[in-house]
1. Taking the mean number of other Cβ atoms within 10 Å as a proxy for protection, how do you rank 48-54, 87-93 from highest to lowest?
2. Say the dipole of region 5-138 comes from +1 at the beta carbon of Lys and Arg and -1 at that of Asp and Glu; which of Thr115, Pro11, Ser99 then lies farthest toward its positive end?
3. Taking square-rooted eigenvalues a ≥ b ≥ c of the alpha carbon gyration tensor, is region 5-138 rounded, prolate or oblate, where a/c under 1.5 means rounded and, failing that, a/b exceeding b/c means prolate?
4. Tell me, in nm to one decimal, what length is gained between Glu123 and Asp245 on full extension, where the rule is 0.36 nm per residue of separation less the Cα-Cα distance?
5. Excluding residues on the same chain fewer than 8 positions from Lys109, give the lysines whose Cα lies under 23 Å from its Cα.
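Please treat every number below as a calculation from the coordinates, not as lab data. Model, not experiment: these values are computed from the prediction. Positions of Cβ are generated from backbone atoms using ideal geometry, with glycine treated the same way; all protein chains shown enter the neighbour counts.
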Amino acid sequence: MTDKITAGIAPYIVALFPVTPGVVAHFDKNGLDFGSDLDGDGINETMNLTLTSTIIDFEPLTIGIGSFTRTVKDSEAVTGSVVLSQLKTSIPFSSTSTSWSAPGIGVLKTSQSATVQSTTTGEMMEARGYTSSGVTHGFGLPFTVASNLPLNLLPVGDAPALATDGQNFFAASEGASGLVGMLFNTQGVPISSVNLATGTGSVFQVAAFDGNNYWVLYTPYSGGTSGSINTCLAQRVSPTGTLIDASDINVVTISGTYSSITS
């Protein structure tokens, strides 16, 4: 379905500066192209609507990523009906969208509800991260830990291990040539990388910080198959991303055949 409704009503005012509480836009639009044929007669339905955009007030806001002392709360209310072209019958609808925005950041939270005939649906969304003055808060942008992985990499769905010392993060992931680690800061900028197990894959690698160094534990395999695994190995990495041990630390060796002794 093509959104022809927005094109039919935009542009319109959502805020006036300086921002003060009150109605900033109110208008009616009739005969808008709905952008879809609901009754199957080959003709797009039409829509009549009334839109009101309002600055409600300024208020504090607390969400998962923090508290904000002053946000602007605004709402957009739409009421109207969709007119079926074949029978000329009308389907009533209404919707309300409320947003909270902070200066220098943007929209932090939205709450939406829509009613068509007698059925109401709603959703709420919150920002999970933002960057202000070059500093990222909450979640940043995704970035690559390991790339160019072979198509036959095993085990399938083996997720990277992640640990933090409270300042930076360390991720361990199987790469094309073995187990690799990457140290990166809170902005997602790589600081250093290290080969943890060149030529040897891993199964279910885990990572942790012990107060002094990072530890990465894994069970090795080779030849593209886990085979018989009865050894758990470890590597230590300094907070600056330097490999401490010249060779793997054998944490434990057990008898028998297991798919993964670290699982």
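1. Working: 48-54: 16.9, 87-93: 12.1.
So the peptides 48-54, 87-93, ranked by packing, come out 48-54, 87-93.
2. Ser99
3. Numbers: a/c = 2.61, a/b = 2.11, b/c = 1.24.
Since a/c reaches 1.5 and a/b is larger than b/c, the shape of region 5-138 is classed as prolate.
4. Details: separation 122, 0.36 × 122 = 43.92 nm, distance 5.08 nm.
Gain on stretching Glu123 to Asp245: 38.8 nm.
5. Cross-link targets: Lys73.
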